[in-house]
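Heads up: the structure comes next, in structure tokens.
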Amino acid sequence: MRLSERIIEKMLVICAAIALLGIAVIAVFITKEGWPIISKIGIKAFFLGKDWTPTKGVYGIFPMIIGSIYVTIGALAIGVPIGISCAIYLAEIASPKVSAIIKPGIELLAGIPSVIYGLYGMTVIVPIIRDLFGNQGFSVLAGSIVLGIMILPTIINISKDSIEAVPKEYKEGSLALGSSHWQAIIKVILPSARSGIISSIILGMARAVGETMAVIMITGNSTMIPESILSPVRTLTGNIGIEMGYASGEHQKALFATGIVLFIFIMCLNLLAKLIPKKAGA
Amino acid sequence: MVRGKVKLILCLIVVMTLIMTACSGQSDTVETEKKILINGSTSVQPLIEELASAYKEKHPGAIIDIQSGGSGVGIKSAIEGVVDIGMSSRELKSDEKMLKEFRIATDGIAVILNPENPINDLTIEQLKKIYTGEITNWKEVGGKDATITVVTREEGSGTRGAFTELIGVEEILNSSITQGSTGGVMTAVGSDENAIGYASYGSVKNSANLKIISIDGIPCDEENIYSGAYKISRPFLMVTKEEPTGIAKDFIDFILSDEGQQIVEDNNYLKTNR
Amino acid sequence: MRKLNDIKIITSSRIKERVAFFLLWIFSIFTAIILVLIVSDIIIKGAPHISLDFLLEEPRKMGKEGGVFSVIVSTIYIVVLSIIFAAPIGVAASVYLAEYAKESTMLNIIRFGTEALAGIPSIIYGLFGYSFFVFFLDLKYSILSGALTLTLMILPTIIKTSEEAIKAVPKSYREGSLALGATKLQTIRKIIIPDAIPGILTGLILGIGRVVGESAAVLYTAGSSLGIPDSIFRPGRTLSVHLYTLASEGISIENTYATAVILIALVFIINFSANTLINRIFIARRR
């Protein structure tokens, strides 16, 4: 009896460790494939190189890094105000009836596959931008709008949870001292929920940076450094996604190298999101 | 009560699938001779899909798996023996010549514009300058005063390789919109008045929302592609590592037969022998 | 004089509040509106093209004509296979984390692994699956490669929800069982897991939802061949990949939207089941 129990317990540990094993293997493989090219052309040339011309063996991902940054900042500019407002509203103000309508809405928004966002972006948003601004439509702006919508559920849910986690006494104390509801929110609740809200933003950022399919369909995938939000752009993820199916040899390794950059960046973001609550002493 | 039922259903699903996969795992080993794997150019792929359907009608039980990946991948996979046949939409380079190649069709690369664009012809020089970014506005070639939206395929695409080589472009301007497939280019050009793109003639020929322009005065059509007057054309190749055997050989023979070549023509590509 | 001032202060902060709340309300409604806009756009453009034929016919001409039958079948295969792999591992892992693990560095490292896995973008999964399953393990483009990759992807979701479900089982159950002489394992097997099943199921359903919606990871592992895969070693095209291909290649607008509608419908059904289950748990718990 005891022995079989022991065996099963060991197996449980192994299962739990599989996730860890998985991530280790992933990191190892991506690095194994991608590192040779980085060491071949040099870190500086890879990261700061402005030209991406695989057919000539030139692999500079700087435009893509900038592209990812622009699109992500744009996405945050749209997603954060709307998301946090929604979170505050749902947590503090909304009546149960309204909550009952909006909450399932957010969950559905979270569940919609990214190709569908891409489809919508491609068929509705890109043409609108094209008509409004007279350019080709595929742009940083299109990417930001769609990604902004995609990260809303992340920001809303996590922010809402941290707002709701603020002890009731804080709010009650503030109201007792004569503040209005809004003042209580601004001066007491939000500051207390600050770390959670910041976490949500960081996680939203990670989500935006990691999105591939939708981005490929709406940003134009140009290899130039975007000059404005109306420029077409290629993100790090788009770089991998659009050429992966066709690349071989060195070119493919360069895509894995792009993957390394992405991987490290997102890991850092995730770590950051975890550490902040600890620092703020939640 | 509910929990018991749910557990039961779960168990049933698990068991069913295990049986399914176990059985199919076995049939897989028995059938390897009747299965071939093809990958490569997305330009060639639609044609091969059509040919494969026709072939399967005559030989039920034959399994032909077709993946995309681009000419580069098709050639490399053939070299490595990972696939039975690779599809390529460009000539083999000198270091790829160890493969056996079978030319199954000729395809023109059409230069396409949006129907709203008044331009009907461009010289190769103008085309080259548009794609390198020297010419940026349609008015420089006699059109409207509007910025040209340059659409291209991605690196690794056989169509892009053939196009750039044939018109003599070293580097396509990097503000061009990159689409990952023939269809993607067609969609991009079809929805933007000021766009220009290039794609397989066979794919765009009957497209209602695209305009195919002539190059150096020569219209892009079968006659001119065949005679070579229309300069931007490339072969469709099926490449194999060794001399093909079994279904692979049979399939290629089928493609090169009259029936197969008729299908090629029906799909707006040029037969190899006229 | 004082009273006027007080009134002014109160009124101005009232106004501020009204304005602020109004803005918040607008933004929140906006979120709901976006959802409605997107979903209705897809449904309006796609529903007319859906028919029983569409669901039951094979795609022809690369998806330009015909239906999506083989695509649906491939999707089901990959979903079922992923769950078969991920469910036992995930539940086992969550049992360990919830019941056995003591606070220690080992535990923290394992938790870190799970959370790290959750944050990886799907294209990296695609890259990994491609280099590891398709090439290194020589599984080639196949349903199996896709399922193994997706298993890793949904593992964190399953572990997290299952762990919460297990932790939610009242302590009294455990204590009662142990008091009656059962071993820990027996307690887990016969008492805790059965009680946590709705929560675990919710996690599995959410995992299924994720698998169905995934495209980047699947495209580079399970391939994009059309046709019903007759074994897990054959490639297959799933709904999301099919939608991506149809859309980005402009093969057929009608079929693109029709496929999108099916995909959204699936996602809604999955979400709905998960939610109903969660509600059932609440109601049951309140008993």
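Taking the options C:ILE124, C:ILE89, C:ILE44, name whichever one is more than 8 Å from chain A (Cβ to nearest Cβ), at negative phi and assigned to a helix (DSSP H, G or I).
Going through C:ILE124, C:ILE89, C:ILE44 in turn, the sole match is C:ILE44.
Can you report the number of residues in segment C:20-41 which are polar (S, T, N, Q), more than 7 Å from chain A (Cβ to nearest Cβ) and more than 17 Å from A:LEU119 (Cβ to Cβ)?
Matching residues across segment C:20-41 total 0.
Just to be sure I understand, how many residues within segment A:1-31 are facing chain C (nearest Cβ under 8 Å), more than 18 Å from C:ILE158 (Cβ to Cβ) and at pLDDT 80 or above?
So the answer is 6.
Among the helices (runs of 4 or more DSSP H) contained in segment A:165-282, which hold 1 or more residues that are over 28 Å from B:ILE75 (Cβ atoms)?
A:168-176, A:181-184, A:190-210, A:213-218, A:249-280
The rows are residues; the columns are (1) closer than 26 Å to C:ASP41 by Cα; (2) crowded, with 20+ Cβ neighbours inside 10 Å; (3) facing chain C (nearest Cβ under 8 Å).
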{"residue": "A:SER85", "(1), (2), (3)": "yes, yes, yes"}
{"residue": "A:ILE106", "(1), (2), (3)": "yes, yes, yes"}
{"residue": "A:LEU109", "(1), (2), (3)": "yes, yes, yes"}
{"residue": "A:ILE112", "(1), (2), (3)": "yes, yes, yes"}
{"residue": "A:VAL124", "(1), (2), (3)": "yes, no, yes"}
{"residue": "A:ILE128", "(1), (2), (3)": "yes, no, no"}
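Give segment C:56-86 a look and list any residue that's polar (S, T, N, Q) and either touching an Asp or Glu at 6+ places or on another chain (Cβ under 7 Å) or within 8 Å of another protein chain (Cβ to nearest Cβ) (or both), or say none.
Across segment C:56-86, the qualifying residue is only C:SER70.
Take the conditions in a helix (DSSP H, G or I) and at pLDDT below 85 and apply them to C:GLU99. Does it pass?
Yes; evaluated as a whole, the condition is true for this residue.
Pick out, from segment B:94-191, the strands (runs of 3 or more DSSP E) lying fully within it that include 2 or more residues that are over 27 Å from A:GLY121 (Cβ atoms) and away from every other protein chain (no Cβ under 14 Å).
By residue number, B:100-113.
Please tell me if C:ARG210 is modelled with pLDDT under 85, part of a helix (DSSP H, G or I) and charged (D, E, K, R).
Judged against the criteria, C:ARG210 is not a match.
Take segment C:226-272 and flag every residue that is within 18 Å of the chain's Cα centre (by Cα), closer than 18 Å to C:VAL39 by Cβ and among the polar types (S, T, N, Q).
Hits for segment C:226-272 are C:SER240, C:ASN271.
Among C:ILE83, C:ILE38, C:ILE78, which is under 30 Å from A:SER95 (Cα atoms), buried (at least 20 other Cβ atoms within 10 Å of the Cβ) and modelled with pLDDT of 90 or more?
C:ILE38
In segment B:53-83, which residues are among the hydrophobic types (A, V, I, L, M, F, W, C), buried (at least 22 other Cβ atoms within 10 Å of the Cβ) and away from chain A (no Cβ under 14 Å)? Walk me through it before giving the result.
So the first thing to find is which residues in segment B:53-83 are among the hydrophobic types (A, V, I, L, M, F, W, C), and the list is B:54, B:62-64, B:66, B:73, B:75, B:78-79, B:82-83.
This time we only want the ones that are buried (at least 22 other Cβ atoms within 10 Å of the Cβ), so: B:64, B:66, B:73, B:75, B:78, B:83.
Passing the criteria: only B:ILE64.
Do any helices (runs of 4 or more DSSP H) lying entirely in segment B:204-274 carry at least 1 residues that are small (Gly, Ala, Ser) and over 19 Å from B:SER43 (Cβ atoms), and which ones are they?
Hits in segment B:204-274: B:222-227, B:246-256.
Only one residue in A:TYR89, A:TYR120 is closer than 16 Å to C:VAL39 by Cα, among the hydroxyl-bearing types (Ser, Thr, Tyr) and surrounded by 24 or more Cβ atoms within 10 Å (Cβ to Cβ). Which one?
Every option except A:TYR120 fails the conditions.
Residue check, A:GLN136 against (1) touching a residue at least 12 places away in the same chain (Cβ under 8 Å); (2) part of a helix (DSSP H, G or I), all met but one. Which one?
In the conditions (1) touching a residue at least 12 places away in the same chain (Cβ under 8 Å); (2) part of a helix (DSSP H, G or I), A:GLN136 misses (2) alone.
From the list C:THR202, C:THR161, C:THR183, exactly one residue is surrounded by 20 or more Cβ atoms within 10 Å (Cβ to Cβ) and modelled with pLDDT under 85. Which is it?
Just a single option satisfies the conditions, and that option is C:THR202.
Of everything in segment B:232-251, what is over 22 Å from B:ASN206 (Cα atoms) and in contact with a helix residue (DSSP H, G or I) (Cβ under 9 Å, 6 or more places away or on another chain)? Give them in sequence order.
Here is the first cut: in segment B:232-251, the ones over 22 Å from B:ASN206 (Cα atoms) are B:237-251.
Scanning segment B:232-251 gives B:LEU237, B:MET238, B:VAL239, B:THR240, B:LYS241, B:GLU243, B:PRO244, B:GLY246, B:ILE247, B:ASP250, B:PHE251.
Does C:ASP195 satisfy the criteria of being charged (D, E, K, R), at pLDDT below 85, in contact with a Phe, Trp or Tyr (Cβ under 9 Å, 6 or more places away or on another chain) and surrounded by fewer than 24 Cβ atoms within 10 Å (Cβ to Cβ)?
Against the criterion (charged (D, E, K, R), at pLDDT below 85, in contact with a Phe, Trp or Tyr (Cβ under 9 Å, 6 or more places away or on another chain) and surrounded by fewer than 24 Cβ atoms within 10 Å (Cβ to Cβ)), C:ASP195 qualifies.
Scan segment C:92-108 and tell me whether some residue there is of a type in the set (D, E, K, R) and within 14 Å of chain A (Cβ to nearest Cβ).
yes
Looking at segment B:231-257 only, could you name the residues that are among the polar types (S, T, N, Q) and more than 14 Å from B:LYS271 (Cβ to Cβ)?
Residues of segment B:231-257 among the polar types (S, T, N, Q): B:233, B:240, B:245, B:257.
Those that are among the polar types (S, T, N, Q) and more than 14 Å from B:LYS271 (Cβ to Cβ): B:THR240, B:THR245.
Can you tell me which condition C:ILE232 does not meet? The list is (1) of a type in the set (A, V, I, L, M); (2) modelled with pLDDT of 85 or more; (3) assigned to a loop (DSSP other than H, G, I, E, B), and all the others hold.
Here C:ILE232 clears every test but (2).
Taking the criterion of being of a type outside the set (Phe, Trp, Tyr), more than 15 Å from the chain's Cα centre (by Cα), at the interface with chain C (Cβ under 10 Å from one of its Cβ atoms) and over 30 Å from B:GLN67 (Cα atoms), would at least one residue in segment A:165-179 satisfy it?
yes
In segment B:192-203, how many are among the acidic types (Asp, Glu) and part of a helix (DSSP H, G or I)?
Result for segment B:192-203: 0.
The values are calculated or read from the model by the stated rules, or taken from the named source; none is laboratory data. What you are looking at is a predicted structure, and each value in this text was computed from that prediction instead of being measured. When we count neighbours, we look across all protein chains shown, and the Cβ atoms used for this are built from the backbone with ideal geometry, even at glycine.
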